[in-house]
Every structure is written in C-alpha cells, then in structure tokens.
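**Student:** Pasting a structure below so you can have a look.
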Amino acid sequence: MTEEIRTLKLKNKLGLHARAAASFVKVTQQFKSKIQVEHEGQTVDGESILDILTLACPRGGVLTIRAEGIDAPAAIEELAKLVENKFGED
Amino acid sequence: MSADQTMKTLVLKGVGVSPGIAIGRCYRFDPLDSQISFYKLNDASLIPQEVLRFKKALKESEQQLLEIQKNLKKEKVTEPVYVIDVHILILKDKIFSNRTIKYIRRLGVNAEWALRMTLDHYKQIFEGVKDAYISSRVSDVQYVVQRILRNLSGEKNEIVWEEGYDGLIIVSHDLSPADTAQMKLDKIFGFATDSGGRTSHTAIVARSLELPAVVGLDNVTRFGHTGDEVIVDGTSGLVVINPYPDMLKRYEEKKRHYDAAKDEYLKYGKLPAVTLDDYHVQIGCNIEFVEEIPSAMTHGAENIGLYRTEFLYIYREDLPTEDDHFNNYRQVVTEKNLSWSTIRTFDLGGDKFPNYQKQGKELNPQMGLRAIRFCLKEVEIFKTQLRAIWRASAFGKIKILFPMISSVDEIREAKKLLEEARQELLAQGVKIADKMEIGAMIEVPAAVVIADKLAQEVDFFSIGTNDLIQYSLAIDRANERLTYLYEPLHPAVLRFIKQTVDAAHKANIHTAMCGEMAGDPLCVLILLGMELDELSMNHLAIPRIKKIIRESTLKESKILLKKALTFNTASEVRAYVHDYMAKRFPDEFQMEDD
C-alpha cells in the first residue's frame, strides 16, 4: 500500500468553487486510492463533491491531499496537474 | 368546477419580463413539499426494500440528467452545462447517499423522510460556510433532492395534458435550463415564478418564445394549484389566480386587443422604414441574449444595432473563455437575414470581476473605472473578447463598438489592441474577416464636443442616449427624486445629438442611435429630422416606429426639428412635439391622451 501526500496552492481566480470542485471530484473518482483533502484543519473525502465544496477553499488557499492505495502516486500527480492548470479555467 | 364552488380570486404583483396576456390552467412544477408522504416503516424487514427504492430513484435521476445534458449539448445551449455536471456528481456522492441510507436503516423512516433529513443536514453545513457564493450552492443540493423525490413518487416529469385544458401556465419557484429543456413548450401559454428577475432563465426563455411571463411573485407557488385557472399579464406584471367571471371576460377582451394590435403592427415590421419622400432609415434591434434573435427577426429588425455583451460575464462564477464569447457571437452573426451585427465590448466596472472586488466600492460607479477604461487597464480580459469577435467575423458581418469613449487616446488604444488581436489570430492561421468596421459610443458629453476628431478615427458612431442624458444633465439615474429631470427632449440633449450627427456626416461616417430614445414614438420625427442613419431599439418598438416613419416625410421632420430647437425649455419642446405628433398620428398617440 502506497501513501502519498502533497500540499498544493490554488491559483485559479475563484478557488474551489462549484466548477472546480466538479473537475476535482471527476479526477479523484478515476482512481482506486482513497483520497482525502485537508484545508485549514478540516479533512474531507476527496470523492465527495459536497465535502469538497464545503471546504470553501479560496484562491491562494492551501490544500493537503493524501492518497492511499496502489495508484496513489498517479492520483496525486493528476490532481497536482489539475490545480497547476487552474482547473482549465483561465 | 360547478357554480356554487366559486373560488377566491387572487391577484399577485411581480415583475413582467415578457409582455402579453396568457390565460390557461396552472401547472405546478416541482411541488417539493406537497404530495410527499413521510412515514415510518412498520417493520424492520421493509428496510432493505426501502433502501433499494432510494437507490433506484438515484439511478433514475442520474439517467435523466445525463439525457438532459446530452440534449442541451446537441442544441448548443449557451448556458453553462456544468451546473448539470455538479448535480450528477451530487447524485453520485457516496457521503450524500450513505447518509440518507443510514437514516432509513437507523431510524426506520421512508426514503422521502430520510432525504429531507439529509437536505436539512446540508442546509446547516452550507449556512456555516462564510463564502457567500458557496453557501448559496445549497440550492444545487435542493434541486437534486427535488429530482430524487419526484422519482420516488413515480412521477415521470411528463406534463399531464388533461382533457379540456386550453394550455398550461407553468407555476414554479424558479426554472433552470434543465427544467425547461424537458417541457413540451408548445403546450405552454405562460410562466409565473416566485423568484427571478429580467435576466433569469425563465425570462429569457419566455421572451424568446414570446410567451407572457411574470417572475418575482414571491409566493405564487403557495396560492396556485395545478388545475386552477390563471391569467398571466406579462405587460403589467400581474398574475390572477381563479379570476371571477367578469374579470376573466375583461382579460379575454384585453388579450384579443393585444393579439390583434400585435398582428397589425407585425405587418409593419416586415416593411422597410422609408419616409413618403424616400428617406431610408435602417432599423436595428438591441439584444442581450442570443435567444432574443428570433423575436428580433419577427418584429422586423434589419440588423442587430447593439449586442450587449455584459451578460456573458455576470451570470457565472468565472471569467468567460474565448470560446464562450465566440460561441455566442457566432450564433448571432450567422442569422442570415441580418445586414450586420454591432457587438459592443463589455461595459462593466471592476465590481463584476473577482480580482477587483476587494478594492472597495466606488462612490460613483457611473463615472468610475468601467467600460473602455476598465478594458484598457485589464488588457488580457479585453483581448479575450476582441479575439472572439474577430473569430466570429469569419461567419457574418460584425461591427465592433467601444463604449464610454471620452477621448481620441482611448479609441486609438482600443484600435491598437484590436489590431494586436487580429495579428495574433492571423499568425495562428485562424480564419477571420478581412476588415471590421469600428465604432465609438457617443455617450459622454466630451465625446460630443470632439465628435469631429473622433470621426477621423472610426467608421461609425452610435449615440447612447441613456448615458448621454444622464451625463449631460448631471442626473444620477438611480436617484428617484431626480427622475423628473431625465428628459430626452431637453434643448441641450437635442443640440448634443444634432452636433454629433452633423460632425459624423461631415466626415462621411454612419451614425446610429441605440438608446431608449431611438424606440420612443414621440421622438421619431425629431430624430428623422436630424438625419440619423440608423435607429436601434428593443424588438417590441420596431413595428410602431416603422409605421410612423412610413407615414411621415423627411421634409416635415426637418421643419419640426427646426421649430423644436427654437424653444427655451424642455417642457416647451415636449408640449410642442407631443401636440404635433398627436395631431399628425392620431391613431398612435390617442391612447396616451386618455
């Protein structure tokens, strides 16, 4: 079992709003690993759009993503790419 | 309904967003609270079955949304389809469904009850979120819950068409694109909703279908029940539930008048706006949404004289992409019966853009950092729009219009950016038009005074009277105590307009007017007398304006204008012009005299 942790900073204009949250969850759901997301002390399930949304992580906010499972490194990589590309927004 | 069962007549006042009168039967869409039964399961053995029922409803809801999404994509709907994506992801959210299943198992309640508890749970959580935007997204959870509930009840969202119904009035809290996408629109006569405004989805759909609609009624869903007789008066913003017989008769009469007058006027819409002595004025339509084009065409628009693009920015959480712009513009310019489409670059202040929100409110936003001023500061946001306009120019004739120009520098700077955008696209090998006419909005008094200089820089002017009047008379339009000062026929305003047209014609450029004044029947002859080349107005005004123009002469208009310019006060001008128009066109101005 692999565990992978990475801290990411949101760069897109609106932070983790509905559209971004949807893109995020669409990625996490592709992986077998259990993915958890932490923001300012609150940890939620990375596959739940409602959980992600209620984190209310703004632009510049920091997310710590923890993936556990066989494809953990790939999952983290993919999520990092998504955040880096500002969720394809701007 | 038998005679002794007379129902109470109820009149509700809202915002009329699509004119006309509709009389039909109420159809309550989305009745979340009514017709839902909450009960405890008698026996623990019923639990697995109840969980299964819930899961089945989840699956059905997901399939329906996928289907709707597929259809929306096919129709190239411009509204963000991602909202439906969010709804689908909520349906698939394990935490959401497991919580509901847990309620069914632990508390032995039915799926409906459990679902309501889940919704309440999320309401609480979302209320606790400080970000106002995210907090408002609880409406998405609500929407999804409603859909599941509907599937649990076995309703298949099909509108029931009962014997003897003459048409349906959709009564709802609000309508989303997904809702209207699945309605049989040809069975619908009108809309009445609790919430919404002029730019809500319901309003746009209603206008594009030319169905009467009233929104913002607060509690029409509380009083209107499926099957009730309902009148929607979209012109005055009234909704009547169960009208008493005399009232119904009056409205039927009113509807006949309205429809007859509309048919009569629409005949004029098809004709060109040529005076008896052969002076031709081009008639444009002002639009805000692509969906308004069909009604612009039926009312007789020859071109789109003003396409306001602010809408693209306002009803969304992120910035529109170049493709978002392009998809809208292309739809406008490919309408084949339009001579051209004038696209005005966005006229917004920083308050509409996320990065600017923290810079504090402007004390006087009308005179603030907005329109071209903002665009020249935020070059990247501006260029995204400029590139999209160029790309759309390959599909139909576009004129570009820059708002709020107050100096030659601004127009030069805007032109430079437009040229940069063109070069970028050419370098990428993107197909665009060889050339595009460039126009300046004349709405700041300084622009009027230097109109001769500006005319050297552009291909046309478009006079925006709404702002020109407010700036030249120094009136805050939002201040209700000043509305009496707002007067298009003020001698200063008339001189400003004349000065602009004269300067333009001296430089041989086209002059249009796109403010409210252009569609005001009282002002038509005055504007004709100035020899404006184009009048652009809201679609409803077109037939009447064309009719007046066709029955008048350029000669008399010039005489009227000359006389009007001799008066000292706005009230003298107005009295004289009104008197002249009422005598000259008794049919047109008769009603206003009553």
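**Student:** Given the criteria among the acidic types (Asp, Glu) and either surrounded by fewer than 17 Cβ atoms within 10 Å (Cβ to Cβ) or touching a Pro at 6+ places or on another chain (Cβ under 6 Å) (or both), does residue A:78 qualify? Before the answer, list the steps.
**Tutor:** Numbers: among the acidic types (Asp, Glu): yes; either surrounded by fewer than 17 Cβ atoms within 10 Å (Cβ to Cβ) or touching a Pro at 6+ places or on another chain (Cβ under 6 Å) (or both): yes.
Against the criterion (among the acidic types (Asp, Glu) and either surrounded by fewer than 17 Cβ atoms within 10 Å (Cβ to Cβ) or touching a Pro at 6+ places or on another chain (Cβ under 6 Å) (or both)), residue A:78 qualifies.
**Student:** Would you mind telling me which numbered condition in (1) out of contact with any Asp or Glu (no Cβ under 8 Å at 6 or more places or on another chain); (2) under 20 Å from residue B:312 (Cβ atoms); (3) not acidic (Asp, Glu) residue B:439 fails?
**Tutor:** Exception for residue B:439: condition (1).
**Student:** Still on this structure, I have one more. Could you give every pair whose Cβ atoms fall below 9 Å, whose first residue belongs to segment B:223-235 and is among the aliphatic types (A, V, I, L, M), and whose second residue is part of a loop (DSSP other than H, G, I, E, B), counting only separations of at least 6 or pairs across chains?
**Tutor:** Correct list of pairs: B:230/B:224; B:230/B:242; B:230/B:243; B:231/B:243; B:232/B:20; B:232/B:211; B:232/B:212.
**Student:** Does segment B:60-80 include one or more residues that are assigned to a helix (DSSP H, G or I), farther than 22 Å from residue B:176 by Cβ, over 33 Å from the mean Cα position of the chain (by Cα) and modelled with pLDDT under 95?
**Tutor:** No, the conditions are met nowhere in segment B:60-80.
**Student:** Just give me the residues in segment B:405-424 being more than 26 Å from residue B:513 (Cα to Cα) and buried (at least 19 other Cβ atoms within 10 Å of the Cβ), in sequence order.
**Tutor:** Once the filter is applied, which keeps residues that are more than 26 Å from residue B:513 (Cα to Cα) and buried (at least 19 other Cβ atoms within 10 Å of the Cβ), segment B:405-424 yields B:421, B:422.
**Student:** Taking residue B:520, is it closer than 23 Å to residue B:468 by Cα and at pLDDT below 95?
**Tutor:** Criteria met by residue B:520.
**Student:** Tell me, yes or no, whether segment A:83-90 has at least one residue that is part of a strand (DSSP E or B) and either in contact (Cβ under 8 Å) with a residue 60 or more places away in the chain or within 14 Å of chain B (Cβ to nearest Cβ) (or both).
**Tutor:** no
**Student:** Return a yes/no flag: does segment B:466-483 have any residue that is assigned to a loop (DSSP other than H, G, I, E, B), more than 22 Å from residue B:565 (Cβ to Cβ) and among the polar types (S, T, N, Q). Working first, answer last.
**Tutor:** To start, the set of residues in segment B:466-483 that are assigned to a loop (DSSP other than H, G, I, E, B) comprises B:473-479.
Then drop every residue that is not more than 22 Å from residue B:565 (Cβ to Cβ), which leaves B:476-479.
Filter once more, so that each one left must be among the polar types (S, T, N, Q): B:479.
Scanning segment B:466-483 turns up at least one residue that is assigned to a loop (DSSP other than H, G, I, E, B), more than 22 Å from residue B:565 (Cβ to Cβ) and among the polar types (S, T, N, Q).
**Student:** Now, a different point. Give segment B:565-589 a look and list any residue that's outside any helix (DSSP H, G or I) and within 34 Å of the chain's Cα centre (by Cα), or say none.
**Tutor:** Within segment B:565-589, B:585 is the sole residue that qualifies.
**Student:** Let me ask something additional. For the subset of segment A:19-58 comprising residues that are in contact with a strand residue (DSSP E or B) (Cβ under 6 Å, 6 or more places away or on another chain) and assigned to a strand (DSSP E or B), which member is nearest to the other protein chains (Cβ to nearest Cβ)?
**Tutor:** Only one residue tops the list, namely A:44.
**Student:** Can residue B:561 be described as in the same structural domain as residue B:308 (by TED's automatic domain parsing), closer than 15 Å to residue B:493 by Cα and aliphatic (A, V, I, L, M)?
**Tutor:** Yes; evaluated as a whole, the condition is true for this residue.
**Student:** Then there's this: Check whether at least one residue in segment B:449-465 is over 25 Å from the mean Cα position of the chain (by Cα), free of Cβ contacts under 8 Å to residues at least 60 places away in the same chain and within 30 Å of residue B:576 (Cα to Cα), and report yes or no. Write out each step before concluding.
**Tutor:** So in segment B:449-465, the residues over 25 Å from the mean Cα position of the chain (by Cα) come out as B:449-460.
After this cut, where a residue has to be free of Cβ contacts under 8 Å to residues at least 60 places away in the same chain as well, the list is B:449-458.
Checking the rest, the ones that are also within 30 Å of residue B:576 (Cα to Cα) come to B:449, B:451.
There is at least one residue in segment B:449-465 that is over 25 Å from the mean Cα position of the chain (by Cα), free of Cβ contacts under 8 Å to residues at least 60 places away in the same chain and within 30 Å of residue B:576 (Cα to Cα).
**Student:** Look at residue B:518 and say whether it is in the same structural domain as residue B:487 (by TED's automatic domain parsing), under 23 Å from residue B:296 (Cβ atoms) and either aromatic (Phe, Trp, Tyr) or free of Cβ contacts under 8 Å to residues at least 24 places away in the same chain (or both). Let's see the steps before the verdict.
**Tutor:** Working: in the same structural domain as residue B:487 (by TED's automatic domain parsing): yes; under 23 Å from residue B:296 (Cβ atoms): yes; either aromatic (Phe, Trp, Tyr) or free of Cβ contacts under 8 Å to residues at least 24 places away in the same chain (or both): no.
For residue B:518, the condition - in the same structural domain as residue B:487 (by TED's automatic domain parsing), under 23 Å from residue B:296 (Cβ atoms) and either aromatic (Phe, Trp, Tyr) or free of Cβ contacts under 8 Å to residues at least 24 places away in the same chain (or both) - is not met.
**Student:** Count, please, the residues in segment A:1-18 that happen to be within 9 Å of chain B (Cβ to nearest Cβ) and over 21 Å from residue B:134 (Cα atoms).
**Tutor:** 0
**Student:** So, one more: Mind checking which pairs have a first residue in segment A:1-18 that is assigned to a helix (DSSP H, G or I) and a second that is among the basic types (Lys, Arg) and crowded, with 21+ Cβ neighbours inside 10 Å, Cβ under 7 Å, 6 or more apart or different chains?
**Tutor:** Pairs found: A:18/B:137.
**Student:** So, in segment B:227-286, of the ones that are under 27 Å from residue B:462 (Cβ atoms) and small (Gly, Ala, Ser), which residue ends up modelled with the lowest pLDDT?
**Tutor:** Looking at the filtered set, the residue picked out is B:269.
**Student:** Go over the candidates B:395, B:402, B:353 one by one and state the one that is over 23 Å from residue B:515 (Cα atoms), assigned by TED's automatic domain parsing to the domain that holds residue B:457, at pLDDT 95 or above and surrounded by 15 or more Cβ atoms within 10 Å (Cβ to Cβ).
**Tutor:** On the way: B:402 fails: over 23 Å from residue B:515 (Cα atoms); B:353 fails: at pLDDT 95 or above.
Answer to the check: B:395.
**Student:** Right, another one. Out of A:70, A:76, A:65, report the one residue that is over 14 Å from residue A:6 (Cα atoms), touching a residue at least 60 places away in the same chain (Cβ under 8 Å) and either over 12 Å from the mean Cα position of the chain (by Cα) or more than 11 Å from chain B (Cβ to nearest Cβ) (or both).
**Tutor:** A:70
**Student:** Related question: Say we look at segment B:91-117 and pick out the residues that are among the hydroxyl-bearing types (Ser, Thr, Tyr) and either within 22 Å of residue B:66 (Cβ to Cβ) or exposed (fewer than 15 other Cβ atoms within 10 Å of the Cβ) (or both); which of these is nearest to the other protein chains (Cβ to nearest Cβ)?
**Tutor:** Here the answer is B:97.
**Student:** Moving on. Take residue B:125 and tell me if it is without any contact (Cβ under 8 Å) to a residue 24 or more places away in the chain, among the hydrophobic types (A, V, I, L, M, F, W, C) and within 11 Å of chain A (Cβ to nearest Cβ). Reasoning before the result, please.
**Tutor:** Numbers: without any contact (Cβ under 8 Å) to a residue 24 or more places away in the chain: yes; among the hydrophobic types (A, V, I, L, M, F, W, C): yes; within 11 Å of chain A (Cβ to nearest Cβ): yes.
The answer is yes for residue B:125.
**Student:** Name the helices (runs of 4 or more DSSP H) wholly within segment B:236-332 that hold at least 2 residues that are touching a residue at least 60 places away in the same chain (Cβ under 8 Å) and charged (D, E, K, R)?
**Tutor:** Because the criterion is at least 2 residues that are touching a residue at least 60 places away in the same chain (Cβ under 8 Å) and charged (D, E, K, R), the helices (runs of 4 or more DSSP H) in segment B:236-332 that meet it are B:245-269.
The values are calculated or read from the model by the stated rules, or taken from the named source; none is laboratory data. Only a predicted model underlies this, so the values are computations on that prediction, with no experimental measurement involved. Cβ coordinates were reconstructed from backbone atoms using ideal geometry, including for glycine residues, and neighbour counts include every protein chain displayed.
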